[in-house]
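These notes concern the structure reproduced below.
Bear in mind these aren't lab numbers, they're just calculated from the coordinates by the rules spelled out. In this text the structure is predicted, and so the values were computed from the model without any measurement. In this analysis, Cβ positions are derived from the backbone assuming ideal geometry, glycine residues included, and neighbour counts consider all displayed protein chains.
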Amino acid sequence: MDLSTSSSSSFSSASSSSSWFSGIVRGRSNSVKMSNKNPAAASGGADSVSGGGPITTKKQFLGVMFKYGPKSVQVAFKTGDYKQQVIFIGGLTDGFLATDYLEPLAIALDKEKWSLVQFLLSSSYSGYGTSSLRQDATELDQLISYLINKEDSEGVVLLGHSTGCQDIVYYMRTNAACSRAVRAAILQAPVSDREYKATLPDTASMIDLASNMISEGRESELMPREANPDAPITAFR
């Protein structure tokens, strides 16, 4: 999985306000920041993508990787150099390039003069067991703050996949300062992890153990491996 980078940009006027995406977010600004097209897009073979833009070949994105917060994991990748961004929030174990639709989405957004932002949270990959929705919301707010203050963002759309939908609902209920920059939210394949866990035979006994640990002030300690074989998980989580 290659994440190439491109840094040059120029200015141009926005496309017609009748575009399909602008209809979703109810209007667009009169000026957007446009990225230079890459004339050297890879050619030949079934995986090549013509016409420049954020995708050169299959599974290869052109864009900028940046730090949006103090933690080492707080890294984001942006395709397209525009003033409006769609932020993709993945589900459990997800990270960069989490779903197959991100490639066509990046291409479609580029045509509408929107950027696609993928980012890592403390809960990304195997970190979900030692994090929380509250922590995800805090880090999402830091990302939006970065886009506003460093990238002159004119508004964002949140796109949640699976557990990422829970992050969006939790974040919007916090009324955090930067949540006012959210122009729309998309919940794609939303799920409830708690409802899924409730269908497993060992969940009840593990909940009892977690409750006892929390009552003893050990909510941050790890549960036994059988509580969640895929990743370490705290009693609180």
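The table for this structure:
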{"item": "Protection-proxy order for peptides 95-108, 161-174, each taking the mean of Cβ atoms within 10 Å per residue, highest first", "result": "161-174, 95-108"}
{"item": "Three-way shape label, region 54-160, alpha-carbon gyration tensor, a/c 1.5", "result": "oblate"}
{"item": "Global form of region 120-162, assessed from the alpha-carbon gyration tensor, a/c cut-off 1.5", "result": "prolate"}
{"item": "Whole-Hz couplings from phi, Karplus 6.51/-1.76/1.60, listed for region 57-71; x for Gly and Pro", "result": "10, 4, 6, 10, 9, 9, x, 10, 9, 8, 8, 10, x, x, 6"}
{"item": "Prolate/oblate/rounded call for region 169-214, Cα gyration tensor, a/c under 1.5 rounded", "result": "oblate"}
{"item": "Separation between Cα centres of region 142-218 and region 77-139, rounded to whole Å", "result": "13"}
{"item": "Proximal aspartates and glutamates relative to Lys59, as straight alpha-carbon distance under 17 Å, when same-chain residues fewer than 8 apart are discounted", "result": "Asp2, Asp47, Asp94, Asp100, Glu103, Asp110"}
{"item": "Pairwise Cα inverse-distance average, inverted: Kirkwood Rh of region 193-237 (Å)", "result": "10.6"}
{"item": "Positive dipole terminus of region 166-218, leading residue within Val191, Ala210, Ala176 (C-beta point charges)", "result": "Ala176"}
{"item": "Most to least packed among 53-60, 219-226 [average Cβ atoms within 10 Å]", "result": "53-60, 219-226"}
{"item": "Order by protection proxy (mean Cβ within 10 Å, highest first), peptides 112-120, 152-160", "result": "112-120, 152-160"}
